[in-house]
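Heads up, the thing below is written out as structure tokens.
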Amino acid sequence: MDGQWVYSRRGNDGFGAERRICFQRVGLEILQDVEVKPFDGPASRHGLVGCGMHDLMHDLAKHVTGECATMQELIQKKAYVEDVFHMKISSDELEQSNGLLKNKESLRTLLAPSSSHKDLSKLRLTSLRALCCRGLHIRQPIKTKHLRYLDLSHSEIVTLPDSVCMLYNLQSLRLNHCHKLRYLPEGIRSMKKLHHLYLFECDKLEQMPPKISQLSNLHTLTSFVVGTGDGCGIDQLKDLKYLSHRLELYNLIKIESVVDAKEAKLYQKKNLTELSLCWGRRKYHGPQDDVGNMEEVLEALAPHSEIKVLEIHGYGGTKFSSWMMHSQMCQCLRKLIIFNCPKCKHLPSAPLLVSLEYLSLGYMDSLTMICKDTDVEVEGCNASRQIFPKLKRMFLENLPELERWTENSTAGEPPHSLVMFPLLEELRMYACPKVASVPSSPVIEKLRIMECYSLPISSIAHLTTLSELEFGGELIRSASMPLGSWLSLVKLSVSSLGDMMLPPGDQQSHRPLETLRSMWLPGPNCFETTSTLSKSHLLRLWECFAFVEELCISGCDELVHWPTEELRNLARLRFLRISFCVKLKGKGSPSDEILPPPQLEMLSIHNCSSLRYIPEVAASLDELVIGECTCLIALPSNLSKLRVLRIQGCSGLKTLPDGLTSLEQLTIERCTGIEKFPQDLLQGLPALKSLKIVGCPNLQRHCRQGGEYFHLISSIPHKDIPAAETESGRMNQTFLKRLMPSC
């Protein structure tokens, strides 16, 4: 459900603009009311207010109205086309709809959200009010004069056709994620009833059409790209008084005059809640060398003081504007994002941070501290102790000079006394090489620290409320991991685990972490250590992980044999994933090694290019997934309870094992060596629920019509087995296109 759609569908009543605004608010209030109902799952994305409806409620509403149907219901005669006014069809069903709907002129709503290459012009959609065709390739003019709502998001259009400008009744136009869109037609300014224009992620849009200020009834304009032509400047925003929710301004570097920036009169747009200021054409682009009048332009683009979300990207000035210190803004601002501002040494003063709940900083090369002027009193809070009294999430990325959290903090102070974050729940830090401590927070649950070379893992022992911890990098310092401090830890990801498990200072660290359920071990030295810690002592430390149910091992170069001794401590392990361990071979045949976890349910192995055998596994194994293991020549033999088997890119595998008597889902892709099924599997083929075979020419021929397996797989409900000849022809066609690109 879409709040703007509620407005658009109810706007054709002859009332004035003010009455229609009330209808929009009523629609949004209705959505806010149902948000608390038990059958809803509300969401908000790109200006959409969404909620989920329970199946029973949906069926009841559909039965009462009798106006909605799917294409399958029409085909199966469960609904009659003359009674249908609202339809949702997939791209595959569009071709069928030509016959059923060719004389249906009363259709009001058509939703085809999937990518479609079909041409809708063959359908008679003269009475349509709402059309959603995401990914549609527009070939013919859109001639639906009653249309109120048009969604062409994710289309590959470069220029919106002029025929759209003839939709004089159109109220809402969505072009989100049209990544090739470069121009909007000049005639769009004549669409006086247009109230909502969505342009999220239209990265190649070069500028706005001239005189867009004539769309004075616009309530939503998500993106405005500043141009240099006549009528394309920032001053065009002056007359767009009703703009609401979110506004993203791009190419601010092209503002030549501060007077033009002031003419935008952002401070008058009281309904805006989110503002993004980007000096480049895209976010995360760095500023140009010539700063010019950036600081004056930023000062002139002051929004109203009750803005809730503020983003600044690609700003080349050395200081932020005075309007960011406005007392009212300090109380209202909830989210602050600053990226690619390399010359700013400090953030705005402490008062701006009082109401922040979300802070994200990145690529600020000169930033040395998070907060300055911490002695300022704000609403009775001592800013030197509680700089971010409401902050819940903080992200810091590529801050090479960041060294201190506050102006009055020193490296000699203990971490818990640096900064108080009373409500901080999540902290992520990436590539902050000079940060040597983590501030205290009594409720923090999620912590991610990567490539912070001055920060040892032992320095975060005071964060005792952690439930998720990710710590790693290429040059991280060896230190004792204070496992005994994290009694609530559920997920743990640590690079070079062996170097993080030095002899602890207390015996408490030997105790199993009863809450820990998931571990991810990326990088080398997971099972070995560069320290003097003995192998036997390292194995004893694995007893801390006795309650782990999921283990992921990735990029562990020293792993040659299966880590059976370590896995023996993981009696509760249910899911094991191993990837990019290029030296992993095993000891020989599958019978030479046994994976000890007795409750293992899923085993996933990817990109282990040296692996030849997989050890025998527990009888409880339910799912086996193997990909890009080119040297693999055999699977385990004890797979009698396996239900799901997926194999991809294992060119050395010649056969499947016997005993696959419980299999329900089978996928084999690009395993050219597999030409036939074993006898046990042949007997169980009719019982499969899903079968996919791609890139295995001989096996595909056996399964296609006329092949010896065809009668066995005919009853499988879900099959994907393309003809081998078709695939070969497609490859040849691709080769010819590469050889002769001009043809």
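Are any of the residues in segment 687-699 touching a residue at least 24 places away in the same chain (Cβ under 8 Å), part of a helix (DSSP H, G or I) and either open to solvent by less than 20 Å² (accessible area, probe 1.4 Å) or in contact with a Pro (Cβ under 9 Å, 6 or more places away or on another chain) (or both)?
Yes, there is a match, as at least one residue in segment 687-699 is touching a residue at least 24 places away in the same chain (Cβ under 8 Å), part of a helix (DSSP H, G or I) and either open to solvent by less than 20 Å² (accessible area, probe 1.4 Å) or in contact with a Pro (Cβ under 9 Å, 6 or more places away or on another chain) (or both).
Restricting attention to segment 575-625, report how many residues are closer than 21 Å to Leu660 by Cβ, among the aliphatic types (A, V, I, L, M) and in a loop (DSSP other than H, G, I, E, B).
Count: 8.
Which of the residues belonging to segment 340-362 are modelled with pLDDT of 90 or more, surrounded by fewer than 20 Cβ atoms within 10 Å (Cβ to Cβ) and not charged (D, E, K, R)?
Pro342, Tyr358, Ser360, Gly362
Being more than 15 Å from Ile626 (Cα to Cα) and open to solvent by less than 20 Å² (accessible area, probe 1.4 Å) is the filter here, so list the residues in segment 674-683 that pass it.
Passing the criteria: Phe677, Pro678, Leu681.
Can you find, within segment 145-157, the residue that is farthest from Gln207 (Cα to Cα) among those that are in a loop (DSSP other than H, G, I, E, B) and either touching an Asp or Glu at 6+ places or on another chain (Cβ under 8 Å) or open to solvent by less than 10 Å² (accessible area, probe 1.4 Å) (or both)?
Leu147
Which members of segment 679-697 meet the condition of being at pLDDT below 90 and not hydrophobic (A, V, I, L, M, F, W, C)?
Correct list: Gln679, Asp680, Gln683, Gly684, Pro686.
Of the conditions (1) surrounded by fewer than 21 Cβ atoms within 10 Å (Cβ to Cβ); (2) out of contact with any Lys or Arg (no Cβ under 7 Å at 6 or more places or on another chain); (3) part of a loop (DSSP other than H, G, I, E, B), Cys556 satisfies every one except a single condition; which number is it?
Single failed check for Cys556: (1).
Given the structure, is Val297 in contact with a helix residue (DSSP H, G or I) (Cβ under 6 Å, 6 or more places away or on another chain), of a type in the set (A, V, I, L, M, F, W, C), under 25 Å from Asp235 (Cα atoms) and not in a loop (DSSP other than H, G, I, E, B)?
Yes; evaluated as a whole, the condition is true for this residue.
Can you find a residue that is over 23 Å from Ile716 (Cβ atoms), out of contact with any helix residue (DSSP H, G or I) (no Cβ under 8 Å at 6 or more places or on another chain) and acidic (Asp, Glu) anywhere in segment 586-594?
Scanning segment 586-594 turns up at least one residue that is over 23 Å from Ile716 (Cβ atoms), out of contact with any helix residue (DSSP H, G or I) (no Cβ under 8 Å at 6 or more places or on another chain) and acidic (Asp, Glu).
For every residue, the table says whether it meets (1) surrounded by 17 or more Cβ atoms within 10 Å (Cβ to Cβ); (2) within 28 Å of the chain's Cα centre (by Cα).
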{"residue": "Glu445", "(1), (2)": "yes, yes"}
{"residue": "Ile449", "(1), (2)": "yes, yes"}
{"residue": "Ser454", "(1), (2)": "no, no"}
{"residue": "Ser458", "(1), (2)": "yes, no"}
{"residue": "Phe471", "(1), (2)": "yes, yes"}
{"residue": "Glu474", "(1), (2)": "no, yes"}
{"residue": "Ser480", "(1), (2)": "yes, no"}
{"residue": "Trp486", "(1), (2)": "yes, no"}
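May I ask you to verify whether Cys631 is in a loop (DSSP other than H, G, I, E, B), crowded, with 18+ Cβ neighbours inside 10 Å and at pLDDT 90 or above?
Considered against the rule, which asks whether it is in a loop (DSSP other than H, G, I, E, B), crowded, with 18+ Cβ neighbours inside 10 Å and at pLDDT 90 or above, Cys631 comes out as no.
Please give the strands (runs of 3 or more DSSP E) falling wholly within segment 378-465 in which 1 or more residues are more than 22 Å from Ser488 (Cα to Cα) and modelled with pLDDT of 85 or more.
Of the strands (runs of 3 or more DSSP E) lying wholly inside segment 378-465, those with at least 1 residues that are more than 22 Å from Ser488 (Cα to Cα) and modelled with pLDDT of 85 or more span 393-397, 404-406, 426-430.
So which residues in segment 641-665 are within 20 Å of Lys689 (Cα to Cα) and among the polar types (S, T, N, Q)?
If the condition is that a residue be within 20 Å of Lys689 (Cα to Cα) and among the polar types (S, T, N, Q), then Gln648, Thr661, Ser662, Gln665 are the ones that fit.
Please count how many residues of segment 317-339 are assigned to a loop (DSSP other than H, G, I, E, B), under 17 Å from Leu275 (Cα atoms) and not small (Gly, Ala, Ser).
Of the residues in segment 317-339, 4 are assigned to a loop (DSSP other than H, G, I, E, B), under 17 Å from Leu275 (Cα atoms) and not small (Gly, Ala, Ser).
Among the residues of segment 303-327, what is the count of those that are open to solvent by 20 Å² or more (accessible area, probe 1.4 Å) and in contact with a His (Cβ under 9 Å, 6 or more places away or on another chain)?
The number of residues fulfilling the criteria is 3.
The values are calculated or read from the model by the stated rules, or taken from the named source; none is laboratory data. On a predicted model such as this, the values are computed, not experimentally measured, just so you know. Cβ: placed from backbone, ideal geometry, glycine included. Neighbour counts: every protein chain shown. All accessible areas refer to the heavy atoms of the entire protein, side chains included, with ligands and DNA or RNA removed. Shrake-Rupley method; radii C 1.70, N 1.55, O 1.52, S 1.80 Å.
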